[in-house]
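S.K.: Could you have a look at this structure, given as structure tokens, before my questions?
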Amino acid sequence: MRSQFLEAIETAESWLDQLKGGPGLSPTCPLGDHHIKALLSACDQEEINTLIETADYARKVFMGNQVHLRGIIEFSNHCARNCWYCGLRRDNTCLRRYRMPLRDIVAAAREGAKLGFKTIVLQSGDDLWYSASMIRQMVESIKQEVDVAITLSIGEREFSEYEEMRAAGADRFLLKHETADPDLYARLHPGMTLDGRVERLKYLHRLGFQVGSGNIVGLPGQTIDVLARDICLMRDLDVEMAGIGPFIPHPATPLAGYPPGDMMTVLKVLATCRIVMPWAHLPATTACGTLDPNGRQKALRAGANVIMPDITPAEYKALYEIYPGKNRVDIDAARGYQLAVEMIISLGREVGQGYGHSSRHRPAPAA
Ligand code: 5AD
């Protein structure tokens, strides 16, 4: 009897072959929730290799050999939320908080653009001190000076605020759903709901942002079923980007005593995501590289096509401690860029040219 895993792989392969005609279409993915679960359940080495090879094939056919580089500027580590896993949570009183002055943010973006980054990601905690007009000013100041795409990753806001940010010219918005299990979501994010998250992701799409979501793999209480639901949710939301990384315990959080996520599970989630959403941008996340020294290379061979080096100035970078070991203060923006390029070349891939926009992006309705 054919295993459920093989049946899922065969369904995926014939779908990918049909799609080779052109990704402009938007044909419905034939992989049902049970197929996704079967792919995630790959257990022996042979199944895992098949899963990863299929994902790598999908990546090659749909995204090509280019790996896109996005430079992240972590401009504030203040956070209004109290997420159980995150070192920036508001109850972490041990952390020295900062906000980068606008001129430093623009200078970091300028330096990033000079190095060759075509996308700048502006990330912060959910820092409500910044009004939408302040974010607008940040986006406009950068765009006036340098020719880059801008991704915002600043958390949950009122819908009208997202409108203003889109009108300012921000191209993309990254808001990970973190976990698609509503109960687990509510437990880990006091005062927040999965529905609220999903509504925002839908609204961001309607505004014409290229939208990124993603999950954390290895959260306490998470099962294969929950991981399958993560992928189904991202497929249904039709996100342009999915950031997938392992849970890494932070000592100043309620989850301090829990074990980290494991790399093999992360690779399975990533590979399954690539197969189900072959056009999505999938970063080899920093968390993969923190958990395993070769984690990002492994991710790039399992479907990933983006690297996001941190280009935050050293004085701030050390304080952006979402989880321990995240940021290497000894690696500045130029070195980070160079190391990423070396990684890309060593894997026989090429550095992405152009902004690295999503090929599936629907043009924005006028804001
Ligand atoms: N381990 C792994 N990822 C984490 N994040 C926050 N805390 C942790 C942790 N302890 C991730 C979340 C968030 C992103 C910026 O960092 O997914 O969206």
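The values are calculated or read from the model by the stated rules, or taken from the named source; none is laboratory data. Given the structure is predicted, the values throughout are model-derived calculations rather than measurements. Cβ: placed from backbone, ideal geometry, glycine included. Neighbour counts: every protein chain shown.
S.K.: State whether the residues of the range 72-80 include one that is of a type in the set (Ser, Thr, Tyr) and either within 30 Å of Met277 (Cα to Cα) or out of contact with any Lys or Arg (no Cβ under 8 Å at 6 or more places or on another chain) (or both).
M.R.: No: the range 72-80 contains no residue that is of a type in the set (Ser, Thr, Tyr) and either within 30 Å of Met277 (Cα to Cα) or out of contact with any Lys or Arg (no Cβ under 8 Å at 6 or more places or on another chain) (or both).
S.K.: Something else about it: Find all pairs meeting these conditions: Cβ atoms under 8 angstrom apart; at least six residues apart or on different chains; first residue within the range 87-103 and at pLDDT 95 or above; second residue among the hydrophobic types (A, V, I, L, M, F, W, C) and away from the ligand (no atom under 16 Å from the Cβ).
M.R.: Arg99/Trp129; Met100/Ala108; Leu102/Met138
S.K.: Quick check on my filter: what residues within the range 79-95 are more than 11 Å from the ligand (Cβ to nearest atom) and within 21 Å of Thr193 (Cα to Cα)?
M.R.: Ala80, Asn82, Arg90, Asp91 - these are the residues of the range 79-95 that are more than 11 Å from the ligand (Cβ to nearest atom) and within 21 Å of Thr193 (Cα to Cα).
S.K.: While we're on this one: Quick check on my filter: what residues within the range 104-126 are within 16 Å of the ligand (Cβ to nearest atom), free of Cβ contacts under 8 Å to residues at least 60 places away in the same chain and touching a Ser or Thr at 6+ places or on another chain (Cβ under 6 Å)?
M.R.: Within the range 104-126, Gln123, Ser124 qualify.
S.K.: Just the residues that are of a type in the set (Gly, Ala, Ser), within 13 Å of the ligand (Cβ to nearest atom) and in a loop (DSSP other than H, G, I, E, B), please, taken from the range 144-179.
M.R.: Gly155, the sole residue that qualifies.
S.K.: Among the residues of the range 277-312, how many are among the aliphatic types (A, V, I, L, M), under 13 Å from the mean Cα position of the chain (by Cα) and within 13 Å of the ligand (Cβ to nearest atom)?
M.R.: Qualifying residue count, the range 277-312: 2.
S.K.: Going through the range 224-255 one residue at a time, which ones are within 10 Å of the ligand (Cβ to nearest atom) and closer than 23 Å to Asn82 by Cβ?
M.R.: Scanning the range 224-255 gives Gly243, Gly245, Pro246, Phe247, Ile248, Pro249, His250, Thr253, Leu255.
S.K.: When you scan the range 202-241, how many residues do you find that are hydrophobic (A, V, I, L, M, F, W, C) and either out of contact with any strand residue (DSSP E or B) (no Cβ under 6 Å at 6 or more places or on another chain) or without any contact (Cβ under 8 Å) to a residue 40 or more places away in the chain (or both)?
M.R.: Count: 11.
S.K.: Something else about it: Looking for something within 16 Å of the ligand (Cβ to nearest atom) and buried (at least 17 other Cβ atoms within 10 Å of the Cβ) - is there at least one such residue anywhere in the range 61-70?
M.R.: The answer is yes; a qualifying residue exists.
S.K.: I'd like to know if the range 285-293 contains one or more residues that are buried (at least 24 other Cβ atoms within 10 Å of the Cβ) and not β-branched (Val, Ile, Thr).
M.R.: Yes, the range 285-293 contains a residue that is buried (at least 24 other Cβ atoms within 10 Å of the Cβ) and not β-branched (Val, Ile, Thr).
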